[in-house]
1. Please give the direction-averaged projected area of the C-alpha convex hull for the range A:124-166, in square nanometres with one decimal.
2. Determine the dipole magnitude for chain B: charges of +1 sit on the beta-carbon of Lys and Arg, -1 on that of Asp and Glu, nothing else is charged, the reference point is the Cα centre, and the result goes in debye to the nearest 20.
3. If I fit a long axis through the Cα atoms of helix B:3-24 and take the longest principal axis of the Cα atoms of chain B, what angle between them do I get, 0 to 90°, rounded to 10?
4. Got a sec? How would A:Ser112, B:Ser16, B:Ser68, B:Ser5 order by Cβ neighbour count within 10 Å, fewest to most?
5. Taking every eigenvalue of the Cα gyration tensor of the range A:34-140, multiplying by 5 and rooting it, what semi-axes result, largest first, whole Å?
6. Any chance you could give the angle, 0 to 90 degrees and rounded to 10, that helix B:60-90 forms with the longest Cα principal axis of chain B?
7. Please state the charge dipole magnitude for the range A:53-166, taken about the Cα centre, from unit charges on C-beta atoms (+1 on K and R, -1 on D and E), reported in debye and rounded to the nearest 20.
8. Based solely on its DSSP helices, what 222 nm [θ] is calculated for chain B when runs of n ≥ 4 H residues each add -39,500 (n - 2.57) and the sum is averaged over all residues, nearest 500 deg cm²/dmol?
Amino acid sequence: MSWAFYLIAGLTVAGGLAAVLLKNTVHCALALTVAFAGLALFFLQLDAQFAGFAQILVYIGAVAILVVFAILLTRGSETPKDGVFSKNWFAGLAIAAGVFAVLGWAVLQSASVLPRETAAPTVTVLQIGNALMGRYVLPLEIVALLLTAAMIGAVIVAMHEKEGSK
Amino acid sequence: MTPLSGYLLVAALLFSIGLAGALTRRNAILVLIGIELMLNAANLNLIAFWRYGPHPEALTGMIFAIFSIAVAAAEAAVGLGLVIQIHRHAHTTDLDAINRMKG
């Protein structure tokens, strides 16, 4: 456990906490970006350079911008007067705490059987490209179809309906 | 503590934070943010298991995480489109106020 791990872990968890706790929705979206950046740093630290840069491109570049656009289009940055948390917030918090307790217990219990430090794998983009075009070509095509369908679906769902016409 | 269990603990914490956000916030966009955090925590698990697993040269965990990132991007686009349409229809994104599916 190096100091870099604790630094990135603190940054990521702080970003995640701020993303769900802050009152102003725009601030939440910016904190979410910090959490995404922390996760990208984790991926880079785990020698998964391609996944790390894909995380930066897709999440920080696209998803965070999309969230900010949605907030501005829905005027969601105005804080409602009866609080930002729902009526049954306590039940939600209890469920989340229970889930974390179970997951943390499972991880700590199995610490002795988890694999130890191994040599860093060397993964080149050429290898990833060969894998995507060889062994994983069918999932790649399905993801391409899914992305196309999602884009068309999102445009149709959000398209403005003219008054009186169905 | 092995390095892998450190990553798994951070991912569990992040997943729980996302779950708490998705369950307790009123704004629909904040619920989507919580879901994104949960998806990202799962990705961190995939990458960590790939890195410390017995066969990292097989690339399975990393390819799975890359596909998961692509699916999450599609999910975010559709989810936010739905939120915008609900806001146009009901003039609110407060999930406590939207309690019927009939138009």
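1. 4.1 nm²
2. 300 debye
3. 10 degrees
4. Ascending number of Cβ neighbours within 10 Å: A:Ser112, B:Ser68, B:Ser5, B:Ser16.
5. On the way: eigenvalues 242, 134, 33 Å².
Values for the range A:34-140, descending: 35, 26, 13 Å.
6. 10 degrees
7. 100 debye
8. -27000 deg cm²/dmol
Taken together, the values in this text are just the output of simple stated rules run on the coordinates, not laboratory data. It should be emphasised that the depicted structure is a prediction, and the values quoted were computed from it without experimental measurement. Cβ atoms come from the backbone with ideal geometry, glycine included; neighbour counts cover every protein chain shown.
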